[in-house]
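Undergrad: Here it is, the structure in full.
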Amino acid sequence: MLCLIGVGINEYDSLSSSSVEMLKNSDMIYVERFTGFLSNGFIEKIKDLVNGYGFSSKKKSIEVQLAKRWFVEDGRQILENSLKENVSILIYGDPLIATTYNELLVRAKKQSIPYKVIHSSSGIPSLVGESGLHYYKFGKMVTIMSDPMSSITVYDTIYNNMCYGLHTLILTEYNNDLESDGLSPTKNPCPFFLSPKRVFDLLMEREYELKLLNWSEDSFVIVTCKIGTESSKVICGKIKSLMNIEFESGPNSIIVPGNLHFTEVDSIKNLTIALDDPDDNSAKVNKLSSRMLDKYIPNAKKALSTLSSLVKEKENDFKEEYSVVLENAENYLFDAENFYRQGRIELAILSVGYAEGLIDSIRFQKGMNPW
């Protein structure tokens, strides 16, 4: 049997009683810490739990083994062992947040291997809750890596969320490839956690190129630090204020707020370490659709005015023939301006498109170019 056990966000203290019983009845236990950091001290506690004094439900000791990312993703040895024995994997947070484990369960199902999932608290909803923001106002979340190219996707995700006034959760890179395999609590592993300050710099580089978010030192962000631990804290403020903070090694996550409800503002001020007053980042976004309309509506109005003057110079029968077309184009532009003011951007762009199409219909038929 294969069992995926969520550790939760506070290591040993967040293990459920059902998790403890499953561990005691395992033949082999894998501990992975590539989806989230689990300390050597935690691993030692697990070894003491299943093999310590007074434990007698097994004739032989239970092996507790640290599993690397490649080992879990390959999965063949895990599944092979699960065919013959009870195998448990301890996973930071909730097991099925990581797609790696969905895929492993699918493979177990196809091989007729019994499996069980013991869910636990996840760092993602936990840090969102402690930020004081409404969970349902978040858009797509994204992970940023130390590779500068990854910040392009992050920037685009923030922009797309911000266009709808939504908050963006940025998970920062966590890399344990260089840490020691030693399991002694005296040997502290040194995983790599991407610094919030580096995230700010990477996004500033993208702003210099794309100029859509108006990202600056005055942008308001929230940094969640070590959520679920005793040193948990949520710090927020303008980037220029946060750059003066010495953040601990991690894990740290960053939230870029969009439009803020007044209850969110109240929560931020009272439940977090707020260095500055909360600010609506979405109000600063240079939306591509707005830039299009700011350009297309005046151009179309100017072209319509020019075309109307050209038509008036023609004979009466010609003016009557195209008066309905010109009137409809004018009505579409009127609609476009109204939709734009109402924030109904898609309808505004469609209306401009219809107006331009009518203007061009006369242009191509009569050879009059008002553009």
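Undergrad: For a Förster distance of 30 Å, can you work out the FRET efficiency between the beta-carbons of Thr99 and Phe247, rounded to the nearest 0.05?
TA: With R0 = 30 Å, the Cβ-Cβ based efficiency is 0.60.
Undergrad: Now for a different question. Based on DSSP H assignment, which helices of the chain show an axial Cα extent of at least 27 Å together with a mean Kyte-Doolittle hydropathy greater than or equal to 0.5? Write down the numbers at each step before the final one.
TA: On the way: long enough: 288-312 (36 Å, -0.06); 316-342 (39 Å, -1.00); 345-366 (32 Å, 0.63).
In the chain, the long hydrophobic H runs are 345-366.
Undergrad: To continue, here is another question. Please list 89-98, 358-367 highest first by mean number of surrounding beta-carbon atoms within 10 Å per residue. If you can, show how the numbers build up before the last one.
TA: On the way: 89-98: 23.0, 358-367: 15.5.
Final packing ranking: 89-98, 358-367.
Undergrad: Could you please report the charge total around Pro95, scoring K, R as +1 and D, E as -1 over all other residues with beta-carbon less than 14 angstrom from its beta-carbon? Show your work: numbers first, answer last.
TA: Numbers: positive: Arg33, Lys116; negative: Glu32, Asp94, Glu103.
Result for the local shell: -1.
Undergrad: Hey, could you get me the Stokes-Einstein D for segment 124-284, Kirkwood radius over alpha-carbon pairs, 10 °C and 1.306 mPa s, rounded to whole µm² s⁻¹?
TA: Taking Rh from Cα pairs, D becomes 99 µm²/s.
Undergrad: Further question: If each DSSP helix of 4+ residues adds -39,500 (n - 2.57) and the sum is divided by the residues in the chain, what number results at 222 nm, nearest 500 deg cm²/dmol? Let's see the in-between values first.
TA: Numbers: 13 runs with 173 residues, N = 371.
That comes out to -15000 deg cm²/dmol.
Undergrad: Would you mind ranking Ser112, Ser82 so that the residue whose beta carbon has the fewest other beta carbons within 10 Å leads the list?
TA: With the fewest neighbours first, Ser112, Ser82 line up as Ser112, Ser82.
Undergrad: Let me ask something else. Between Gln365 and Asp218, what FRET efficiency follows from the Cβ-Cβ distance if R0 is 41 Å, with the result rounded to 0.05?
TA: Values: r = 52 Å, r/R0 = 1.28.
Here the calculated transfer efficiency is 0.20.
Undergrad: Also, I was wondering about something else. Where Rh is the Kirkwood radius over the Cα pairs of the chain, the temperature 4 °C and the viscosity 1.567 mPa s, what D in µm²/s does Stokes-Einstein return? If you can, show how the numbers build up before the last one.
TA: Values: Rh = 24.7 Å.
Rounded, D is 52 µm²/s.
Undergrad: Also: Give me His261, His134, His167 sorted ascending by neighbouring Cβ count inside 10 Å, so fewest comes first.
TA: Result, fewest neighbours first: His261, His134, His167.
Undergrad: Out of all DSSP beta bridges in the chain, what portion is antiparallel? Express it as a percent rounded to 5.
TA: Rounded to the nearest five, the antiparallel share is 40 percent.
Undergrad: Using the Cα atoms of segment 2-121, I'd like the radius of gyration and the largest Cα-Cα distance, Dmax, both in angstrom.
TA: Spelled out, the Cα radius of gyration and Dmax of segment 2-121 are 13.3, 39 Å.
Undergrad: Which distance in nm do the two modelled labels at Val324 and Asn25 give, with both placed 7 Å along the Cα-to-Cβ direction?
TA: The two pseudo-label positions are separated by 8.0 nm.
Undergrad: Moving on to the next point. At 0.36 nm per residue, minus the direct Cα-Cα distance, what do Asp294 and Gln111 gain on full extension? Give it in nm, one decimal, please.
TA: Fully extending the segment from Asp294 to Gln111 adds 60.0 nm.
Undergrad: Given the pairs Lys140/Lys295; Lys238/Lys284; Lys24/Lys116; Lys140/Lys211; Lys45/Lys233; Lys137/Lys238, which span a C-alpha to C-alpha distance of over 23 angstrom in this model? Walk me through the numbers before you get to the answer.
TA: On the way: Lys140/Lys295 30 Å; Lys238/Lys284 14 Å; Lys24/Lys116 15 Å; Lys140/Lys211 21 Å; Lys45/Lys233 26 Å; Lys137/Lys238 21 Å.
In this structure, Lys140/Lys295; Lys45/Lys233 exceed 23 Å between Cα atoms.
Undergrad: Taking neighbour Cβ counts within 10 Å as the exposure measure, how do Lys60, Lys84, Lys240 sort from fewest upward?
TA: So the residues, fewest neighbours to most, are Lys60, Lys84, Lys240.
Undergrad: Relative contact order of the chain, please, whole-number percent, based on alpha carbon pairs below 8 angstrom and at least 6 residues apart. Walk me through the intermediate numbers first.
TA: Values: 619 pairs, mean separation 54.4, N = 371.
Reported relative contact order: 15 percent.
Undergrad: Quick one: if the Förster radius is 56 Å, what FRET efficiency do Gln342 and Asp201 give, using the C-beta to C-beta distance and rounding to 0.05?
TA: So, using R0 = 56 Å, E works out to roughly 0.90.
Undergrad: Between Arg76 and Ser309, what is 0.36 nm times their sequence separation minus the Cα-Cα distance? Round to one decimal in nm.
TA: Working: separation 233, 0.36 × 233 = 83.88 nm, distance 7.68 nm.
This chain segment gains 76.2 nm when fully extended.
Undergrad: Taking Cα pairs under 8 Å and at least six residues apart, what relative contact order does segment 124-284 come out at, in percent?
TA: Reported as a whole number, the value is 27 percent.
Undergrad: Cross-link partners among aspartates and glutamates for Lys269, C-alpha distance below 15 Å, same-chain residues fewer than 8 apart left out?
TA: The qualifying aspartates and glutamates are Glu130, Asp277, Asp279, Asp280.
Undergrad: Residues with beta-carbon under 13 Å from that of Thr272, excluding Thr272: net charge, scoring Lys, Arg +1 and Asp, Glu -1? Walk me through the intermediate numbers first.
TA: On the way: positive: Lys233, Lys269; negative: Glu130, Glu264, Asp266, Asp276, Asp277.
Counting the neighbours of Thr272, the net charge comes to -3.
Just so you know, all these numbers are worked out from the coordinates, no wet-lab data involved. This is a predicted model, so every value here is computed, not measured. Backbone-built Cβ (ideal geometry, glycine too); neighbour counts: all protein chains shown.
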